[in-house]
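**Student:** Just passing along the structure, written as structure tokens.
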Amino acid sequence: MEENVLQQIADMFKGQIQLELRRKRPSRTKSGIAKPVSGRYPTPISAPRATGRLYNSVNVYWEGSFEQKDLSMILDFGDVDYWYFIDQGRNPNSGKRTGQMKPALTQWARVKPLPRFRDAKGRFLSNEERAMLITRSVAKYGYEGTFFIEKAINRTINKIEEEIGNAAAIFFLNMFTGMENGGNFQTRSNRP
């Protein structure tokens, strides 16, 4: 397959990944139900990005040789290691103890365009207090994954069929068949 067609496929896939990362989604628990909210407020719609680190870190490229039949597509997230939890979600009380999440969520609460919460006396809560509430919610309910990689794969296949043709779409689809057996698609992050 020509190198420019391979680059075009990689660019389409990257574009679809970034499109999925820009989508607004309602806040949901790991089981898929709307997160309960106390008071008179509806379940909030989550803004798609806080800092844009994940969105900006997406890189798609090829390794190996088409002629040697060892060509692999690489989806690289650089030093952003939380992509997996955005894609797959997080179970309640899974992984880390909730206290370990608080420093990262305090920073996240500063930059994320979240509604400002008020306490019983009507005062705004600090970012630390908001981070504690978010940490408690994640520990209690978890959160639903966005499955942005799977959705981007499906959208890219449709786009390839429209713009390049069926042969290229079949080639792209074959990259993902047998992923459980080490297929020709890999995700990477620089962090351990």
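Rule-based calculations on the coordinates, nothing more; no lab input. Not measured: the values here are computed from a predicted model.
**Student:** Which of the pairs LYS24/LYS140; LYS30/LYS69; LYS35/LYS151; LYS112/LYS159 have their Cα atoms more than 28 Å apart in this structure? Can you show the working numbers first?
**Tutor:** Details: LYS24/LYS140 23 Å; LYS30/LYS69 39 Å; LYS35/LYS151 23 Å; LYS112/LYS159 32 Å.
Where the Cα-Cα span goes over 28 Å, the pairs concerned are LYS30/LYS69; LYS112/LYS159.
**Student:** Step through the residues of the stretch 72-82 one at a time and calculate ³J(HN,Hα) from phi using the Karplus curve (6.51 cos²θ - 1.76 cosθ + 1.60, θ = phi - 60°), rounding each to whole Hz and writing x for Gly and Pro.
**Tutor:** 10, 8, 10, 9, 10, 9, x, 8, 8, 9, 8
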